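K.L.:
Have a look at this one.
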Amino acid sequence: MRRNGGKYECEQKQQEARIPIWKILLETYRGGDVLILPEKNRKELDVLLSSGVQPRSVYTVDKSPAVIATFTRTLSAPERDGIHRRGALVSVACTTWAKEGVQLEAAHFDLCGNVQGYRDGSVRQELENIARCGIIDNARIAVTVEKGREKSKLIERFDRIALLAAALNNGLRGRSTVKVITSRTYQNGPSPMLWVAFQLGGKL
Ligand SMILES: C[S@@+](CC[C@H](N)C(=O)[O-])C[C@H]1O[C@@H](n2cnc3c(N)ncnc32)[C@H](O)[C@@H]1O
């Protein structure tokens, strides 16, 4: 097995995460806006475009402007014109886009953190802030976390899912409900990962 970024790991993430995640997120897709955290091989972007999502409907963000710059270099001129790009915390970019009237129909928050922390920039704090700004009130979303990196060995799959759902509920403040669609674990090289797909929307 190669180290992080190696071909084997990329292919595993493609088959066990990006492709199945977007199959689920786009099941109910009606042509609206979607969000990803991009990477230098644009593999997730290509899953979206090959599923019929238009570049102008794609919102991309990473807290590292260097990641966005590297990703931008992979884009053709029409893609560069269409695809929205921000170097910021996801929650900050989402708050700005929400104020501009954007409502996401689907999003994959691939934040590469665990569920334990609840501080600025951590997965749960980010999810709460993203939900609070109103941009995912009726969205199908997936959240990917690294599992097994928490200090407590007592956290299991369903605890992680419950913690993520609770963070979303905190941000939604009763405007919308959170339902788990499905979840899956996979190995990304040395790191055990968990992704969870949620449907937000409607009232109980
Ligand atoms: C696992 S990578 C994304 C990979 C990509 N989605 C793919 O398909 O391979 C995670 C990225 O999330 C970024 N990141 C982590 N937490 C973030 C946050 N709160 N806001 C914005 N970017 C964040 C990191 O800088 C990193 O580039």
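Quick note: the coordinates plus some simple rules give every number you see, no bench work behind them. These numbers were taken from a predicted model, which means no experiment stands behind them. Please note: Cβ atoms are built from the backbone with ideal geometry, for glycine as well, and neighbour counts cover all protein chains shown.
K.L.:
Which one of Ala142, Gly113, Leu48 is farthest out on the positive end of the charge dipole of region 7-201, using unit charges on Cβ (Lys, Arg +1; Asp, Glu -1) and the Cα centre as origin?
P.N.:
Gly113
K.L.:
A further question follows. With +1 assigned to the C-beta of every Lys and Arg and -1 to the C-beta of every Asp and Glu, and no other charges, what is the dipole magnitude of the chain about the Cα centre in debye, to the nearest 20?
P.N.:
260 debye
K.L.:
Share of antiparallel DSSP beta bridges in region 7-201, in percent to the nearest 5?
P.N.:
For region 7-201, the DSSP antiparallel bridge percentage is about 55.
K.L.:
Let me ask something else about it. With charges only on Cβ, +1 for K and R and -1 for D and E, what is the dipole size of region 122-204 about its Cα centre, in debye, rounded to 20?
P.N.:
The calculation lands at about 120 debye.
K.L.:
Another one. Which whole-Hz ³J(HN,Hα) couplings does region 182-193 yield from phi under the Karplus relation 6.51 cos²θ - 1.76 cosθ + 1.60, θ = phi - 60°, glycine and proline marked x?
P.N.:
With coefficients 6.51, -1.76 and 1.60, one gets 6, 8, 8, 9, 7, 9, 9, x, x, 9, x, 10 Hz.
K.L.:
State which helices in the chain qualify, where a helix is a whole DSSP H run, it must extend 18 Å or more along its own axis by its Cα atoms, and its mean Kyte-Doolittle hydropathy must be at least -0.5.
P.N.:
Result, helices passing both filters: 157-172.
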